[in-house]
Amino acid sequence: MSFVEYGDTIKDGDTAIVFLGHESMFPVKVQQGSVTQTKYGVIRHSTDLIGKKYGSKVTCSKGGWVFILHPTPELWTVNLPHRTQILYSTDISVITMMLELKPGSIVCESGTGSGSLSHALIRTVAPTGHLYTVEFHQQRAEKAKEEFREHGVEHLVTVTNQDVCKNGFGVSDIADAVFLDIPSPWEAIGHAKSALKAEGGRICSFSPCIEQVQRTCLAMEEYGFTEINTLEILLRVYNVRTISLQIPDLGKAAEDNSSTGFDSSNPSNQGSPGTNLQQGTVQFKSGVPLKEMVGHTGYLTFATKSLF
C-alpha cells in the first residue's frame, strides 16, 4: 500500500479507511489477528480485510456493513490524528496550483505538523520529485517519519528536526517551491531564497493573522521577491432544494386559452402551461447558500524569486 500508488488488494500492515458514511470514517492499520470495533459490530482483520479488494463492502458482526477504502491524501486530511492545526483540501488545492507543482518538482516545507499538506505535496511531485520538510518539534518529526514509512512514501520525503528560522532547510539552490507554515515566517524568508533554484521559484506562506502577513510581505520585498500577493480561500456551500413559487395572474394566459378554445378538463391537455396556471404554483430547483459559513481560515501569501 502506498499513498501515491493505488493497490488493489488489502495487505497486512496497510493503512485503510473504514467508511461508515460521509460524516463518519476513520483510519485503521490492518494487522493479522487484530479486530476493529465499530457501531455496526466487530471487523476481524484476518478474515474481513486481508486479501479483500479495496472498495469492498464488509459486513460487521452485528449485521451492519462498512466500505474499506484505499487511503488518499484527501481522505487522510479528514481522518488523520491531529498533532497541530492542519490545512484542508480547499487551501491545499490552491497552494499546489499557485506553486506550479508537478511530478518531478523539488519542494521545501516547514513545518511538517500533522502531515496533511505533506501527503498532498508528495503525491503531486511523485514519482521523481522530492519533499524536504522541516519540523521544529522533535516528537512530531519522529511521528511524521513513522507515518511516511507506514504509508510507503519514505523514499519521496526527507524529514529534518531543526529550527528553520535559524538553520534553514538543509539544502541550497535545488527547490522549485517553498512553503512556510510557522509562527514567524518573515525570519525564514532568507533561508527560503537560498533553498530555491538560482533560476527562480515560487514561495507560499500561510498565516492566520494579518500582522504576520504584513511582516512577511516586507521581508519578501527586502529579499527581492516579486509578484507578491495574498489570498484567503473561503468555501461557500450551497444546498440544492425544490422551491415552490406562486405564478402571478397577469390575465394574458387566460385570455389566450379562451381565444384558442383551450379545455383544461381534457386529459390530453394535462401537464400543459394552462394546468400550472390553474394550480397557481410552479416548482423548480434552486441553490441556496447555508445560513452559516466559516468566516476566516488563514492568509496565503505567494511570491516569485526574482532572477535579477
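The values are calculated or read from the model by the stated rules, or taken from the named source; none is laboratory data. These numbers come from a predicted model, not from an experiment. Note that each Cβ is placed from the backbone with ideal geometry, even for glycine, and that neighbours are counted across all protein chains shown. Side chains are part of the model used for accessible areas, which takes the heavy atoms of the whole protein and leaves out ligands, DNA and RNA. Shrake-Rupley method; radii C 1.70, N 1.55, O 1.52, S 1.80 Å.
Exactly one of these conditions fails for residue 226: (1) under 13 Å from residue 304 (Cβ atoms); (2) open to solvent by 80 Å² or more (accessible area, probe 1.4 Å). Give me its number.
Result: residue 226 passes all but (2).
Regarding segment 131-139, can at least one residue be identified that is on the phi < 0 side of the Ramachandran plot, among the aromatic types (Phe, Trp, Tyr) and in a helix (DSSP H, G or I)?
The initial filter retains those residues of segment 131-139 that are on the phi < 0 side of the Ramachandran plot, namely 131-139.
Still in the running and among the aromatic types (Phe, Trp, Tyr): 132, 136.
Now restrict to residues that are in a helix (DSSP H, G or I): none.
No: segment 131-139 contains no residue that is on the phi < 0 side of the Ramachandran plot, among the aromatic types (Phe, Trp, Tyr) and in a helix (DSSP H, G or I).
Looking only at segment 149-176, filter to residues that are among the small types (Gly, Ala, Ser) and over 25 Å from the mean Cα position of the chain (by Cα); which one of those is least open to solvent (accessible area, probe 1.4 Å)? Steps first, answer last, please.
Taking segment 149-176 first, the residues among the small types (Gly, Ala, Ser) are 152, 168, 170, 172, 175.
Cutting the leftovers down to over 25 Å from the mean Cα position of the chain (by Cα) gives us 168, 170, 172.
On the way: 168: 3, 170: 71, 172: 75 Å².
The residue in question is 168.
Show the residue pairs that are 6+ apart or on different chains and have beta-carbon atoms under 8 Å apart, the first residue being within segment 157-174 and closer than 16 Å to residue 129 by Cα, the second being open to solvent by 40 Å² or more (accessible area, probe 1.4 Å) and of a type in the set (D, E, K, R).
159/145; 173/197; 174/197
Per-residue answers, yes or no, for (1) out of contact with any Phe, Trp or Tyr (no Cβ under 6 Å at 6 or more places or on another chain); (2) assigned to a loop (DSSP other than H, G, I, E, B); (3) surrounded by 22 or more Cβ atoms within 10 Å (Cβ to Cβ); (4) on the phi > 0 side of the Ramachandran plot:
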{"residue": "80", "(1), (2), (3), (4)": "yes, yes, no, no"}
{"residue": "86", "(1), (2), (3), (4)": "yes, yes, no, no"}
{"residue": "97", "(1), (2), (3), (4)": "yes, no, no, no"}
{"residue": "109", "(1), (2), (3), (4)": "no, no, yes, no"}
{"residue": "119", "(1), (2), (3), (4)": "no, no, yes, no"}
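If I go through segment 13-48 residue by residue, how many of them are in contact with a helix residue (DSSP H, G or I) (Cβ under 8 Å, 6 or more places away or on another chain), among the aliphatic types (A, V, I, L, M) and either open to solvent by 30 Å² or more (accessible area, probe 1.4 Å) or in contact (Cβ under 8 Å) with a residue 24 or more places away in the chain (or both)?
Result for segment 13-48: 5.
Taking only segment 229-247 into account, find how many residues are open to solvent by less than 90 Å² (accessible area, probe 1.4 Å) and out of contact with any strand residue (DSSP E or B) (no Cβ under 9 Å at 6 or more places or on another chain).
So the count comes out to 1.
Within segment 184-201, track down each residue that is open to solvent by 10 Å² or more (accessible area, probe 1.4 Å) and either of a type outside the set (A, V, I, L, M) or at pLDDT 95 or above (or both).
Listed by number, the residues that qualify are 184, 186, 187, 190, 191, 193, 194, 197, 199, 200, 201.
Would you call residue 181 loosely packed, with under 15 Cβ neighbours inside 10 Å and charged (D, E, K, R)? Step through it out loud before you land on a result.
Numbers: loosely packed, with under 15 Cβ neighbours inside 10 Å: no; charged (D, E, K, R): yes.
No: the conditions fail for residue 181.
Working carefully through the options 51, 104, 113, find the one that is open to solvent by less than 20 Å² (accessible area, probe 1.4 Å) and in a loop (DSSP other than H, G, I, E, B). So that I can check it myself, show each step before the final result.
Values: 51 fails: open to solvent by less than 20 Å² (accessible area, probe 1.4 Å); 104 fails: open to solvent by less than 20 Å² (accessible area, probe 1.4 Å).
After applying the criteria, what remains is 113.
Just name the residue that is farthest from residue 6 (Cα to Cα) out of those in segment 62-78 that are in a loop (DSSP other than H, G, I, E, B) and β-branched (Val, Ile, Thr). Spell out the reasoning first.
Initial filter on segment 62-78 (in a loop (DSSP other than H, G, I, E, B)): 62-64, 70-72, 78.
Checking the rest, the ones that are also β-branched (Val, Ile, Thr) come to 72, 78.
Values: 72: 9, 78: 19 Å.
Out of the qualifying residues, it is 78.
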